[in-house]
Structure formats: structure tokens, C-alpha cells
């Protein structure tokens with residue numbers, strides 16, 4: 001019982017310290033953009049898009065998550081202060097919708113493909 005109290009106290013201290021020093025998870029919903037890309041044909045496409053999106057984030061990426069199903073790749077990353085401005089920087093495909101913190105993109109077909 002005493003050990004459990006000590007451990008729970010230690011966890012609280014670590015969480016408080018993380019908040020004070022800015023070492024949180026970085027997944028602030030107000031600063032997280034979701035980018036849904038359709039037309040993914042290969043793993044290489046996904047890797048290229050992932051790298052491209054990370055470069056668009058001003059400063060270090062504090063949160064990144066990626067899932068794929070079929071030809072669709074969904075990525076969440078932060079911090080992105082303005083999703084509309086972020087969407088205008090996307091060059092690898094056509095932005096078909098940008099609403100709230102969600103951006104939908106159709107991957108551009110390569111010439112000759």
C-alpha cells in the first residue's frame with residue numbers, strides 16, 4: 001500500500017514537471033491537423049508525403065500519427081496553428097477540401113504513370 005502511494009506520487013510529479021517544462025505529448029487538438037490523402041499507390045508514396053508534410057510544420061513536429069487503409073493515408077500532426085494556411089502549402093496533390101483542422105488531398109498522378 002505504501003509503495004503504491006509512493007509510485008502514484010512519483011507519477012504525479014513527473015506529469016507536473018512535464019507540463020511545467022513543456023514536455024507534454026504535443027497532441028493539442030486545437031493545434032493538430034488531420035490530412036487525408038487518397039490515391040496512394042505505394043509505400044514510397046506514403047513515405048514521400050509523410051516527409052513533405054513534416055517539412056510544412058513550422059519548427060519541430062511534436063506529434064505525428066499515420067494510418068493507412070487501401071489507397072488512403074491519414075496523418076495527424078502538430079503543431080499547426082492554421083490548417084487553412086497549412087493546406088495552401090501542399091504541393092504533392094490537389095487539396096479537395098480544407099475545413100476546420102481537416103485537409104483532404106488527392107495525390108497527383110505522375111506523368112507517364
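The values are calculated or read from the model by the stated rules, or taken from the named source; none is laboratory data. Nothing here was measured: the structure is a model prediction, and the numbers come from that model. Heads up, the Cβs are rebuilt from the backbone with ideal geometry, glycines too, and the neighbour counts pull from every protein chain shown.
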inquiry  = Suppose the filter is surrounded by 11 or more Cβ atoms within 10 Å (Cβ to Cβ) and touching a residue at least 60 places away in the same chain (Cβ under 8 Å); does residue 109 pass it?
reply    = no
request  = Being outside any strand (DSSP E or B) and either within 12 Å of the chain's Cα centre (by Cα) or closer than 17 Å to residue 87 by Cα (or both) is the filter here, so list the residues in region 60-77 that pass it.
outcome  = 60, 61, 62
request  = Those residues that are more than 17 Å from residue 72 (Cα to Cα) and either touching a residue at least 60 places away in the same chain (Cβ under 8 Å) or exposed (fewer than 11 other Cβ atoms within 10 Å of the Cβ) (or both), I need them from region 82-106; list them, please.
outcome  = 91, 99, 100, 101
key: Which numbered condition residue 90 misses (of (1) over 13 Å from residue 46 (Cα atoms); (2) not in a loop (DSSP other than H, G, I, E, B))   = (2)
query = Is it the case that some residue within region 42-63 is surrounded by 15 or more Cβ atoms within 10 Å (Cβ to Cβ), touching a strand residue (DSSP E or B) at 6+ places or on another chain (Cβ under 9 Å), on the phi > 0 side of the Ramachandran plot and modelled with pLDDT of 95 or more?
reply = no
